[in-house]
Amino acid sequence: MTILTRYLIRSHVGPFLFTFSLLTGLMFVNAIAQRLDDLAGKGLPRDVILEALLLSLPHTVALTLPMAVLPAVLYTFSELAANSEIIAMSGGGVRPRRLFLPALFLGVFLAAVTFFFNDRILPEANHRLKNLQVSIQRKSPTFQLRERVVNVIQGENGLGPYYLRAESIDPVSSELTDVHIYDMSRQGVRRTTYAARGEMKLNASFTDLQLRLFDGEAYEVGSVDQRSFQRTAFEQKLYVLRGVGDIFEDTEANYRGDREMSVAALHDSANAKIMQLDSLREASRVTAVRAVERALGRSEEGDGGAMMFSKAPPGFEGGQMPQDEMLRMLAIDAKTQGTRFRALRKRASQYWVEIHKKLVIASACMIFVLIGMPVGVRFSRGGISMVIVVSAMVIGIYQYGMSTGEDWADRDLATPFWSMWAASLLFLAMGALLASRLGRWTASSRESGWQELWLEARAGLLSILPWQRLARRRSR
């Protein structure tokens, strides 16, 4: 490592550590202020409160680590240019682009550290924090169910029990996905309810569990007279489990959300959802073909309702269903399968979004180096105010692009790759363009301030507007 390289690296370390500490401290204080409301007044031990606060730190570090790169690079190169050190290096035969290599090396190193941190440390911290939040919320009191298992819930007056299963449960928002409820609380009636998602809360007296279910269907059959079969589809339904207060035990949730997984686990989960989608497509295709064959009278004798259903509902002699009843149930099945298909596709998209997010945040360290170095050299007279304003604008646009892209991917308006990488690719092209012009900028000893920064930005904007180019051509 040459003397010049060591000097440039040392020049970056101080501003980076200062910016990283400042941003982390400010954001961590804000996170503590938000969590104190959930922790205070519940009689929790001090070590539990301290652990909950410390587990919020990795999420803050994951954001501030790449954010600190841009201000550090801007400040370092603006100081080098303002003190004419870059001019002196150029006069000594050092090419301007040679100064870029140490900064790029730091960017690559920080990108690797950021990716490792987001892939290994942050998911474990998020998982531990979620389990701790579950334990804290049970202290409130409130209900917590276990995911991916059948929860046995005994109702009031000895009625029941209820059997409830959910694919996932958010401990903070109490949202459930892929909900199955087997209701045995009513004498003489057995009711089964399926829903794509739901919202859970307790009533004011903390005795009844209220489930607001969305996009599902309910089956109801008499335990004595099995011919009384009903099947109902719903878009929204309020389901109340009465008298279930203080039933659940304090157990640790093993299910991990997408922000609690590594890239490898996210990739496996996304592929599993895609396989389920393929199975669902094949099942829907077979059901549709058999329905058409029956409607055309081409089905084999005795195939009957078993073509779409493993067993015909009770109440139909010989297990046969009338044509209109079969078509009605087929329509309900098609709607239910469509809801399941959209839920599976959305879940797979969320896994891929989280994978790309980890990569985008890590790559931001290198992209910010590409942008920060030429801007700092070109507009060295802007000082600290230039560093703050440029950093705030670039990071703000970057975060807005990521959040908007994530929302678009969740709403199936764009693929996860393009929705998450659009802002990064835009800034990458901008940084590469600025870095390519670095040699011409550092050849002059004239400093540039805010006025020239505005003129450069205005000229660049006018050059890409088609009507402005046309007006200039006509004026010539």
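Excluding ligands and nucleic acids, what accessible area in Å² is computed for Val189 using a 1.4 Å probe, to the nearest 10?
Per-residue accessible area (Val189): approximately 30 Å².
For a quick check of your reading of the filter: which trypsin sites (Lys or Arg not before Pro) in the range 76-121 sit in a DSSP loop and have no more than 16 other Cβ atoms within 10 Å? Don't skip to the answer; put the middle values down first.
Details: sites: Arg97, Arg98, Arg120; in loops: none.
Here no trypsin sites (Lys or Arg not before Pro) fit, given the DSSP loop and packing criteria.
For the range 353-366, in order, what is each residue's ³J(HN,Hα) by Karplus, 6.51 cos²θ - 1.76 cosθ + 1.60 with θ = phi - 60°, in whole Hz (x at glycine and Pro)?
Values, residue by residue: 4, 5, 4, 5, 5, 4, 6, 5, 5, 5, 5, 4, 4, 6 Hz.
What does the net charge come to around Ser284 if you take all other residues with beta carbon closer than 12 Å to its beta carbon, with K and R at +1 and D and E at -1?
Values: positive: Arg281, Arg285, Arg290, Lys335, Arg340; negative: Asp278, Glu282, Asp333.
With Lys, Arg at +1 and Asp, Glu at -1, the neighbours total +2.
Quick one: 3J(HN,Hα) in Hz for the range 399-410, Karplus 6.51/-1.76/1.60 with θ = phi - 60°, rounded, Gly and Pro as x.
Karplus-based 3J(HN,Hα) across the range 399-410 equals 5, 5, x, 5, 5, 5, x, 5, 5, 4, 5, 5 Hz.
If you rank Lys335, Lys273 by how much accessible surface each has, with a 1.4 Å probe, what is the order from largest down? Please list the in-between numbers first.
Details: Lys335 105, Lys273 25 Å².
Accessible-area ranking of Lys335, Lys273, largest first: Lys335, Lys273.
Taking 23 Å as the cut-off for C-alpha to C-alpha distance, list the pairs among Lys201/Lys273; Lys273/Lys357; Lys201/Lys357; Lys273/Lys335; Lys130/Lys335; Lys130/Lys201 that go past it. Walk me through the intermediate numbers first.
Numbers: Lys201/Lys273 28 Å; Lys273/Lys357 19 Å; Lys201/Lys357 31 Å; Lys273/Lys335 19 Å; Lys130/Lys335 34 Å; Lys130/Lys201 18 Å.
Over 23 Å apart, Cα to Cα: Lys201/Lys273; Lys201/Lys357; Lys130/Lys335.
I'd like the accessible area for Arg242, computed on protein heavy atoms only with a 1.4 Å probe and all protein chains in place. Round to 10 Å², please.
120
Starting from the Cα gyration tensor of the range 341-401, take the square roots of the eigenvalues, sort them a ≥ b ≥ c, and report rounded, prolate or oblate (rounded when a/c is under 1.5, otherwise prolate if a/b is larger than b/c, else oblate).
Working: a/c = 5.75, a/b = 3.06, b/c = 1.88.
Judged from the Cα gyration tensor, the range 341-401 comes out prolate (a/c at least 1.5, a/b above b/c).
Protein chains only, probe 1.4 Å: how do Ile355, Ile274 rank by accessible area, largest first?
Values: Ile355 15, Ile274 65 Å².
So the residues, ranked largest to smallest area, are Ile274, Ile355.
I'd like the per residue volume of the convex hull spanned by the Cα atoms of the range 39-125, given in cubic angstrom. Please report the intermediate quantities before stating the final value.
Details: hull volume 9.9 nm³, N = 87.
Hull volume over Cα atoms, normalised by residue count, gives 114 Å³.
Residue by residue, what Karplus-based ³J(HN,Hα) values in Hz, rounded to whole numbers, does the range 429-434 have, using 6.51, -1.76 and 1.60 with θ = phi - 60° and x for Gly and Pro?
Rounded to whole hertz, the list is 5, 5, x, 5, 5, 5.
What order do Trp352, Trp418 take when sorted by accessible area (1.4 Å probe), most exposed first? Walk me through the numbers before you get to the answer.
On the way: Trp352 75, Trp418 150 Å².
Per-residue accessible area, sorted high to low, gives Trp418, Trp352.
The values are calculated or read from the model by the stated rules, or taken from the named source; none is laboratory data. All values derive from a computational prediction rather than experimental measurement. As a convention, Cβ positions derive from the backbone with ideal geometry for all residues, glycine included, and neighbour counts pool all protein chains shown. Surface areas here come from the heavy atoms of the whole protein model, side chains and all, with no ligands, DNA or RNA. Shrake-Rupley method; radii C 1.70, N 1.55, O 1.52, S 1.80 Å.
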